[in-house]
Amino acid sequence: MYILGILIQKIIMMGEIKPKEVYTTEETQRFLKISKSTIKRLLKKGIIRAYKVGGQYRIWGDEILRLLSPEVESKIYGSYSKLKEKTKKTIKEW
């Protein structure tokens, strides 16, 4: 939690994420340091709320900042745990 707070402060102080600014998925990937497949998965699961404009997703800056909150972190961990268990089950069935 402490490290998460430092990360949020660093991002805000750097002036990179503005809450009322709109960002692309590529920019969001860069801010969160995640892969293209991860951002697609987060969008599909509804963990990242975005708007589709002309076939491309747009994400508000305050949504990116919300992703860094502890509440969302636990939701993401829950999704990851379910995926991990499902993968283990599938492997065992082979």
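The values are calculated or read from the model by the stated rules, or taken from the named source; none is laboratory data. None of the values given here were measured: they were computed from a predicted structure. Neighbour counts are summed over all protein chains in view; Cβ atoms, including those assigned to glycine, are modelled from backbone coordinates with ideal geometry.
One table, with the values for the structure above:
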| item | result |
| --- | --- |
| Failed item, numbered, when E85 is tested on (1) in a helix (DSSP H, G or I); (2) surrounded by 15 or more Cβ atoms within 10 Å (Cβ to Cβ) | (2) |
| The stretch 66-81, subset in a helix (DSSP H, G or I) and either at pLDDT 85 or above or among the hydroxyl-bearing types (S, T, Y) (or both), residue surrounded by the most Cβ atoms within 10 Å (Cβ to Cβ) | S79 |
| In the stretch 25-64, the residues that are farther than 21 Å from Y80 by Cβ, in contact (Cβ under 8 Å) with a residue 40 or more places away in the chain and part of a helix (DSSP H, G or I) | G61, D62 |
